[in-house]
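Worksheet: the structure to be examined is printed underneath.
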Amino acid sequence: MRMHVQPFSGNKWQAVIVGPDDEVLASEVGVVAESEARAKMTAKLSQQVPGMDPAKIEDELLRAVPRPMPPDDPLEESDESASSEEELAEAREVLRGGDFIDQLLHDFDAIGIAGEEDLALAVYLIGTSRLLRKPLHGIVRGDSASGKSFIVNAIAGLTPPESIKKATHLTPKAIYRMPDLRHKFLVLGERSRSDGSQIEDSTKGLREFRSDGSISLSSVQDGKLVEFRVEGPAATIETTTKEDLFDEDANRCLLLASNESSEQTEKITARQAAAYEGRRTCKQDAVIRRHWAMQQLLAEPVEGVVIPYATSIQQRIPKERVETRRAYSLFMGVIEASALLHRYQRASDSEGRIVATRDDYAFAKRLVGSVVAAAVSHAPSETDQRFFMSLRLQKYAVGDTFTAPELGAKLGRDRRRINECLRTLRKFGVVEQLTEANGPNAARWRMCQDTLPGQVEVLPKPGDIPEGME
């Protein structure tokens with residue numbers, strides 16, 4: 001069997017699979033340059049020709065994707081985001097302001113984000129970290145209706161268009177055919193809910209890119225060795241409804257969580273009501289363009305960031321778990337990103353590096369301190385704590401039994417996600433599973449404790465951190 005991919009019309013291509021006698025076995029038309037459309041073409045062609053390897057189909061489709069322009073091509077720059085002198089002047093004033101973080105939160109509110117202040121700040125920090133030598137990566141977890149994707153996309157919109165790359169669906173090999181990603185913000189869609197070796201293989205390329213900052217793939221095409229290489233580094237973020245993530249993916253990322261409380265639902269619905277009543281008067285375009293200008297100023301060359309108190313933190317955190325190695329590095333990256341974000345309020349050393357202050361440590365601890373604690377001490381995460389509180393609010397006491405569907409009806413949450421949360425709480429001895437699911441009968445659980453192990457304090461208080469070099 002052979003496959004041919006040829007131009008069809010506009011930006012669409014036609015893929016045709018023929019047999020030994022040149023009979024047409026399958027034919028599909030689609031946009032091969034878009035990952036989601038390409039995945040649908042691959043699936044349809046695979047269904048029509050079960051004997052052909054889907055990976056080979058995808059390879060042939062990807063070969064038709066036009067190669068990106070060289071990094072120095074003038075088309076790489078976007079006139080749309082070019083900032084005027086007035087916009088740059090306003091951006092400098094904001095970056096130098098003592099109420100900088102408050103201004104950020106005000107802007108987030110202006111573009112429609114209700115509540116979720118720390119999550120929005122963390123996503124903004126990840127996007128800004130694309131300018132560092134080792135950017136940050138994040139995964140935002142939450143129910144399908146929790147608004148996590150809205151927050152990610154709204155914050156991503158504050159990044160200049162030429163500095164962002166979006167991929168709603170990323171197939172296993174698509175990462176190898178990406179354009180130049182150096183210092184870009186790669187915004188991915190919802191992570192697949194697949195488990196086991198399937199997800200391990202599908203995220204292998206992204207995992208290596210996050211670790212190494214670049215990635216390459218060698219393959220044989222038409223009897224010739226062809227190498228694809230994607231240059232980085234880049235900051236990345238994605239969302240998921242899964243509570244349990246593949247460890248090798250999770251420990252490379254900041255595991256953030258959306259707020260699923262009733263209080264947050266009140267804030268979101270109140271914001272929606274205001275919009276329906278026409279009470280939103282802020283000009284969002286002006287806010288967005290101000291942030292494009294701010295990001296343009298932050299992107300000015302710098303020799304890096306130095307953290308004078310890095311050893312002080314290292315000496316104070318627990319070393320019992322091997323996860324500490326990556327957790328410490330991730331936390332240092334958040335401090336670096338904070339210092340970069342505040343570069344107009346920070347001093348530089350004799351080598352031209354931004355010097356992180358105690359305020360950067362306090363900001364990092366505020367945003368991801370619980371994430372670090374969960375990794376270093378195996379303590380309950382914020383998601384665990386919120387789910388446990390939802391059980392307590394439903395008056396479940398020690399000895400009470402329930403099923404995931406019963407909880408779902410009371411909490412208004414997805415049964416599959418509830419099962420994942422229950423399995424996580426089981427690790428802390430808070431609940432136990434009494435019976436396995438059997439056909440129409442769901443698994444039954446029992447409450448074992450009326451308290452959840454407390455969040456362990458693994459990071460020193462900001463006041464205990466030295467300001468200068470030790």
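Just so it is clear, none of the values below were taken in a lab; they were calculated from the coordinates. Computed from a predicted model, the values in this text were never measured in an experiment. All Cβ positions, glycine included, derive from the backbone under ideal geometry; neighbour counts span all protein chains shown.
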Ranked on Cβ counts within 10 Å of their own Cβ, fewest leading, Thr239, Thr403, Thr168, Thr451 go Thr451, Thr168, Thr403, Thr239
Taking Lys and Arg as +1 and Asp and Glu as -1, residues besides Met389 with C-beta under 13 Å from its C-beta add up to -2
Non-local amide H neighbours of Leu186 (under 5 Å, H modeled in plane, Pro and chain starts lacking H): which ones? Lys165, Ala235, Thr236, Ile237
May I ask you to compute the full-extension gain from Lys319 to Glu36, defined as 0.36 nm times their residue separation minus their alpha-carbon distance, rounded to one decimal in nm? 97.6 nm
Please go through the residue pairs Lys12/Lys224; Lys165/Lys365; Lys134/Lys242; Lys165/Lys427; Lys12/Lys184 and name each one whose alpha carbons sit more than 32 Å apart in this structure. Lys165/Lys427
If a/c stays under 1.5 just call it rounded; otherwise compare a/b with b/c (prolate if a/b is bigger, oblate if not). Do that for the stretch 2-63, with a ≥ b ≥ c from the square roots of the Cα gyration tensor eigenvalues. oblate
Report which label in (1) 55; (2) 60; (3) 46 holds the value of percent of Cα pairs over 33 Å apart derived from the coordinates of this structure. (3)
For the chain, what is the charge dipole size about the Cα centre, in debye to the nearest 20, if Lys and Arg each add +1 at the Cβ and Asp and Glu each add -1 at the Cβ? 1120 debye
